[in-house]
Amino acid sequence: MVGASSSWSRALVQISPYTFSAIGIAIAIGVSVLGAAWGIYITGSSLIGAAIKAPRITSKNLISVIFCEAVAIYGVIVAIILQTKLESVPASNIYAAESLRAGYAIFASGIIVGFANLVCGLCVGIIGSSCALSDAQNSSLFVKILVIEIFGSALGLFGVIVGIIMSAQATWPATT
Amino acid sequence: MYGFEAMTFNIHGGYLEAIVRGHRSGLLTAADYNNLCQCETLDDIKMHLSATEYGPYLQNEPSPLHTTTIVEKCTLKLVDEYKHMLCQATEPLSTFLEYITYGHMIDNVVLIVTGTLHERDVQELLEKCHPLGMFDSIATLAVAQNMRELYRLVLVDTPLAPYFSERITSEDLDDMNIEIMRNTLYKAYLEDFYQFCQKLGGATSEIMSDLLAFEADRRAVNITINSIGTELTRDDRKKLYSNFGLLYPYGHEELAVCEDIDQVRAVMEKYPPYQSIFAKMSYGESQMLDKAFYEEEVKRLCLAFEQQFHYGVFFAYMRLREQEIRNLMWISECVAQNQKSRVHDSVVFIF
C-alpha cells in the first residue's frame, strides 16, 4: 500500500513474521494451560469439600479433572505442531507477502487454540464443581451432568481442529 | 459482576461451600421426624438421634435425660460446625459468618440484663446463653444499671457497639425499655447486615436481600402484634421497624396504627407473598402465625441452596439447623410431658 512513510499499516507489515509466529505459539500453550488450571481449581476445591461428607464421589469425579487436563494437552499438541511449521527464510524474503502470510497463519492458529481452550477449561471446571456437589447429594445425577461436561469439552476440540487447519496454511516461501 | 461469580468464587469459598452443602445433607428428614414423633420416652429419642449425625454428641449422656441436655448437645454440634467453618474462612466470608451470630449476641445481652433485673444469679444466666453469641466480657453486663453504663462498660468493645445510637437514653432498665432496646439493636443489626450484603454484590446480595427482607417484615408484624394493648406509642412502634423490606415504607405506616390482629391481617393481605400466610389462619387466631412464618422461612431458606457460588447458603444452613433444634426441643418437650397429640402443632419439616 502506498502512503506516507509513517502509517500504521506500514508499521504492521514491518513486524517480522517470526514475532507473530512466536507469540502465536506462546498463546497456544500459555492460554490453554491457563484455562485448564482455572478449570481444575474450580472443580478441585468443590470436590475436596464435598468428599468429606460423601467419600464415595472422589473416584468418579476425577473425570471432571481429567477433562480439564485434556484441554492443556490440546494446547501442548498444537504448540508442538506449530513450532514444526517454522522455517528459516533468507533475510531478503522475510517481508515477502508469503512469509507474512505464514506468520499470520501461525499467530491466528495460536490464538484460536488458546482462547478456545481457555473457555473450554472454564466451562468444564464450573460444570465439574456442580457435578461434584450434586453427586454428593444424589448419586443418580452424576451421569447426567457428565453428559453436559462432554458437550463442554467438545468446544476445545473445535478450537484444535480449526487451529490445525489454519496452521496448514503456513507455507513459507521456498528458499532459492 | 453478577453472573460471573462462578469464575472466581471457588478460590476462597469453594471448599467451605462444599462443606456446608455436605452439612445440609445431614439435616433430619420427614422420615426422621416421623420416627421421633412416635417415641414414648426421651431415651427413645436419644436412640433415634444416635442413628443420625447427632450420634457422637448424645451417646455419652447418662440415662435420665432432660430436654435441655438434648437441646444443649444439638446446639453444641451446630457451634462446632460453625467454628470449623469460621476458622477456615477468609474475608469477606469470615465477616459474613460473624454477622450471622450478632443476633444471638443481642439475645444473650438482653437475657442477662433481664435476668439481673429479676435478681437471678449471673452464673445461671450465663449457662442459658446461646453459645454462638458469647463474647469475652459478657458477665460484666450484670453490673450495669442503665443503658449508658451498659454501653460504656461492656458493649463498646463488642461488634454490637455501632448499633447503639444516640437514641439509647440513660433511662433505667426495666422490662419495657429492655424490649425496646432489644428491638432497636436488632433493627440496627438487620440494616447493617443488609448494607453489608449489598456491598458484596452479585448472587449473595440478591439472595440475602430476599431472606433479610422477610426477616425484617416478620419482625415488624411480631412487634406490632406484641405491642397491641401496651403503652408503646405509634411513633415508638414505627421507630422499631427496619428501613428495608417489602413492607417499607407504606406497610409500616399502616401497621403502626393497627390496634388489633384483624387490622394487621387486613394490612398484610395486600402483599401477595404474605397473603398466603395469613389466609391459613381463620379469624381471631394468632397461635398458628408463628408456625406459618417459620414454614415460609424454611421454604425460602431451602431455595437459597438452588444456586451455587454465593454466601447465602451459609446463612440458610445456620437458620435451618436452628429450626431443626427448635423442632427437636418441641418434640422432646411433648414426649417428656406426655402430650404427644400436640407434637405436630409446631414441628416444621425441612425436607
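Between the DSSP loop rule and a limit of at most 10 other Cβ atoms within 10 Å, which GluC sites (Glu not before Pro) in region B:213-282 are left? It would help to have the intermediate numbers written out before the result.
On the way: sites: B:215, B:231, B:253, B:254, B:259, B:269; in loops: B:231, B:259, B:269.
Taking region B:213-282 and a limit of 10 other Cβ atoms within 10 Å, the loop GluC sites (Glu not before Pro) found are B:231.
Enumerate by residue number the GluC sites (Glu not before Pro) in region B:119-156 meeting two conditions: DSSP loop (anything except H, G, I, E, B), and at most 14 other Cβ atoms within 10 Å of the site's Cβ.
B:119
Please report how far the C-alpha centroid of region B:316-351 lies from that of region B:210-274, rounded to the nearest whole angstrom.
27
For region A:1-101, state which trypsin sites (Lys or Arg not before Pro) are in a DSSP loop and have at most 13 other beta carbons lying within 10 Å of their beta carbon.
Listed in order of number, the matching sites are A:56.
What relative contact order, as a whole-number percentage, does region A:4-82 give when Cα pairs under 8 Å and 6 or more residues apart are counted?
45
What base-10 log of the normalised intensity I(q)/I(0) is obtained for the protein assembly as shown from the Debye formula, alpha carbons as equal point scatterers, at q = 0.13 Å⁻¹?
So the normalised log intensities work out to -1.31.
Give the calculated FRET efficiency between residue B:134 and residue B:228 to the nearest 0.05, with a Förster radius of 35 Å applied to their Cβ-Cβ distance.
Values: r = 34 Å, r/R0 = 0.97.
It comes out at approximately 0.55.
For region B:40-155, calculate the relative contact order in percent as a whole number, restricting contacts to Cα pairs under 8 Å that are 6 or more residues apart.
Taking the mean separation of contacting Cα pairs over the length of region B:40-155, I get 18 percent.
Before rounding to the nearest 500, sum -39500 (n - 2.57) across all DSSP H runs of length at least 4 in the protein assembly as shown and divide by the residue total; then give [θ] at 222 nm in deg cm²/dmol. Show your work: numbers first, answer last.
Details: 22 runs with 363 residues, N = 527.
That comes out to -23000 deg cm²/dmol.
Starting from the Cα-Cα distance between residue B:68 and residue B:266, subtract it from 0.36 nm times their residue separation and give me the gain in nm to one decimal.
67.4 nm
Relative contact order for chain B using alpha-carbon pairs under 8 Å, separation at least 6, rounded to a whole percent?
Relative contact order, chain B: 23 percent.
May I ask for the net charge around residue B:68, where only other residues with Cβ less than 13 Å from the Cβ of residue B:68 are counted and Lys, Arg are +1 while Asp, Glu are -1?
Numbers: positive: B:73, B:128; negative: B:61, B:72, B:124, B:127, B:333.
With Lys, Arg at +1 and Asp, Glu at -1, the net is -3.
Who wins for biggest fluctuation among B:256, B:139, B:203 in a Gaussian network model of chain B, springs between alpha carbons below 10 Å?
Of B:256, B:139, B:203, the Gaussian network model singles out B:139 as fluctuating most.
What is the mean number of Cβ atoms from other protein chains located within 10 Å of the Cβ atom of each residue in peptide A:31-42, rounded to a whole number?
For peptide A:31-42, the averaged partner shielding equals 1.
Please name which of B:144, B:314, B:158 has its Cα lying farthest along the dipole of chain B towards the positive end, using unit charges on Cβ (Lys, Arg +1; Asp, Glu -1) and the Cα centre as origin.
After comparing all options, I get B:314.
Partner chain Cβ atoms within 10 Å, averaged over the residues of B:293-301 - can you pull that number for me?
Going residue by residue through B:293-301 and averaging, the value is 0.
Can you give me the pair-distance distribution of region B:226-351, C-alpha pairs, 10 Å bins, whole percents?
Cα pair-distance distribution for region B:226-351, in percent: 11, 30, 34, 22, 3.
Could you calculate the contour length gain from residue A:13 to residue A:144, that is, 0.36 nm times the residue separation minus the distance between their Cα atoms, to one decimal place in nm? Mind dumping the intermediate values first?
Details: separation 131, 0.36 × 131 = 47.16 nm, distance 5.08 nm.
Extending this stretch completely gives an extra 42.1 nm.
Convex hull over the Cα atoms of region B:188-287, averaged projected area in nm²?
6.6
Every number here is computed from the coordinates shown, using simple stated rules; none is lab data. Since the model is a prediction, treat every value here as computed from it, not as a measurement. All Cβ positions, glycine included, derive from the backbone under ideal geometry; neighbour counts span all protein chains shown.
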